[in-house]
Amino acid sequence: MAPELDLTQVPQERRYEMLARALQMLPPNGEIIVLTQGAARPLLQRLIAEHWGRFDWTPLAEQGGCWRSALRKRDAPLQSLTEFLSADHERIDGLYSRMLSMVQAGRDARAEFRLFETAMRRHIAMEEEGFFPEFDRMMGLEGQGPTAVMREEHVEIRELLDRMSGCAAEGDRAGLLAAGETFVTLIEQHNLKEQQMLYPMADEAFGAQTDDLLRKLALY
């Protein structure tokens with residue numbers, strides 16, 4: 001279990017100092033959980049400005065206005081969109097697998113489902129609001145081409161998430177497992193197309209501008 005840094009009761013003028021110090025003290029690949037009252041975007045913007053490339057920031061869950069986020073110290077600078085977005089695919093797969101194992105064991109997996117759902121919806125937002133529009137602009141596609149196909153599949157993914165969320169809330173284990181099977185089939189094909197075609201194409205197209213886009217996506 002990663003240690004926690006609770007900033008919810010810390011005076012605003014001291015929060016960033018404590019966060020930056022915590023990052024500095026982490027070993028490579030070390031991780032802490034950061035608690036903030038409300039979204040941590042202002043803190044994250046400053047962290048990106050002063051320590052970009054040295055960390056990964058991942059929102060985990062929100063409850064009662066309090067956000068839990070993971071801060072991990074990188075052992076090497078971030079290099080590409082393929083690396084960034086593929087790593088998020090892998091993280092989401094791990095969250096889903098953990099949730100599925102608990103459901104299959106007959107255990108209460110509602111908290112694990114919320115972590116998985118938050119991660120999946122964040123990934124879709126990063127792509128649809130941040131990555132896809134910039135890619136379309138760069139390629140002169142205006143919403144056509146490969147991103148149009150990915151958006152269509154995102155609609156299906158959201159529908160499955162809605163169905164799974166309802167099943168999880170109602171304790172419908174059979175319904176959750178059935179919807180999950182469809183989700184896995186769809187997401188495996190979807191991720192493969194992105195990782196093998198779309199992301200590498202974007203890395204080549206953006207070139208030196210890739211870093212600017214990564215900084216933007218990291219804020220989601």
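Only the coordinates and a few stated rules stand behind these numbers; no lab work does. Note that this is a predicted model, so its numbers are computed, not measured.
What the table shows:
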read-out	value
Gain upon complete extension [Leu141, Leu186; 0.36 nm per residue less C-alpha separation]	13.7 nm
Full-stretch length increase - Ser86, Glu170 - with 0.36 nm per residue and alpha-carbon distance subtracted	27.0 nm
20 °C / 1.002 mPa s Stokes-Einstein diffusion coefficient of segment 54-120, Kirkwood radius on C-alpha pairs, µm²/s	161
Volume per residue that the Cα convex hull of the chain spans, once the total is divided by residue count, Å³	127
10 °C / 1.306 mPa s Stokes-Einstein diffusion coefficient of segment 94-141, Kirkwood radius on C-alpha pairs, µm²/s	128
